[in-house]
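To start, the structure under review is shown below, and the notes come after it.
The values are calculated or read from the model by the stated rules, or taken from the named source; none is laboratory data. From a predicted model like this one, the values you see are computed outputs, not experimental measurements. Note: ideal-geometry Cβ built from the backbone for every residue, glycine included; neighbour counts use all protein chains shown.
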Amino acid sequence: MNQLLDLYWTFVKIGCVTFGGGYAMLPILERELVEKRGWTTMDDLRDYFAIGQCTPGIIALNVSTFIGEKRSGIKGALAATTGFLTGPVLIILLIAIFMKNFATLPVVQHAFAGIRVCVCVLILQAVLRLWKKSVVDPFTLGLYVAVFVLNVVSGYLPVRIPAAVLVILSGCAGIFAATRKNRAAGKAGDGK
């Protein structure tokens, strides 16, 4: 029961400071879950983000569910997910109640402008961290360039390529590359 409460309260805290979506929260998750608590590894966290990107729902919420399940099964998944949702739901309710009265105030508009800048920085920081750990060889660099180009070109096509399709195709490319690498290593081992 203590582990479930720990999951719940940890994700309440994370949910309350998660601004800008899943990628912006990567540094927060890394610090809280990898470095401070040791509940997961950075590699697993990147995998959760990749899976969370191509499954329905909010990336950050999906990641909290994965972490909770890893720690305590289904009950852990429910505790972490509920914890993650608690803070944002309460905050959004309060904002919704008061927003129409205060949205036009200059101080509120300036605060939102500052928050947008901060979110951009957090997302850039997450991208740079993911880049360092993910683009590690010529294959991954080529895959990055291919996905980037497909994503850009997709905006000019009659039908946009969904992000989930790009993630799935990238996963297939990774499997194909690993299979070829393993076969080549096997043939090299057979020749000795």
Residue count, the stretch 161-192 (criterion: within 18 Å of Arg46 (Cβ to Cβ) and modelled with pLDDT under 85): 2
Name the one entry in Leu128, Leu94, Leu90, Leu122 that is surrounded by 13 or more Cβ atoms within 10 Å (Cβ to Cβ), free of Cβ contacts under 8 Å to residues at least 24 places away in the same chain and assigned by TED's automatic domain parsing to the domain that holds Phe49. Leu90
Of those in the stretch 1-59 that are surrounded by fewer than 21 Cβ atoms within 10 Å (Cβ to Cβ) and of a type in the set (Phe, Trp, Tyr), the residue modelled with the lowest pLDDT is Phe19
Among the residues of the stretch 142-166, how many are exposed (fewer than 13 other Cβ atoms within 10 Å of the Cβ) and either more than 19 Å from the chain's Cα centre (by Cα) or of a type in the set (S, T, N, Q) (or both)? 10
Going through the stretch 97-111 one residue at a time, which ones are surrounded by 10 or more Cβ atoms within 10 Å (Cβ to Cβ) and not polar (S, T, N, Q)? Phe98, Met99, Phe102, Ala103, Leu105, Val108, His110, Ala111
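With out of contact with any strand residue (DSSP E or B) (no Cβ under 6 Å at 6 or more places or on another chain), modelled with pLDDT under 85 and not β-branched (Val, Ile, Thr) as the only criterion, which of Leu130, Leu141, Leu150 stands out?
Just a single option satisfies the conditions, and that option is Leu130.
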Against the condition out of contact with any Lys or Arg (no Cβ under 8 Å at 6 or more places or on another chain), at negative phi and outside the structural domain of Phe11 (by TED's automatic domain parsing), how does Phe148 come out, does it pass? yes
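Residues are listed down the side, and each one gets a yes or a no for (1) within 30 Å of Arg46 (Cα to Cα); (2) outside any helix (DSSP H, G or I):
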{"site": "Ile92", "(1), (2)": "yes, no"}
{"site": "Asn101", "(1), (2)": "no, no"}
{"site": "Cys118", "(1), (2)": "yes, no"}
{"site": "Gln125", "(1), (2)": "yes, no"}
{"site": "Lys133", "(1), (2)": "yes, no"}
{"site": "Gly142", "(1), (2)": "yes, no"}
{"site": "Val159", "(1), (2)": "yes, yes"}
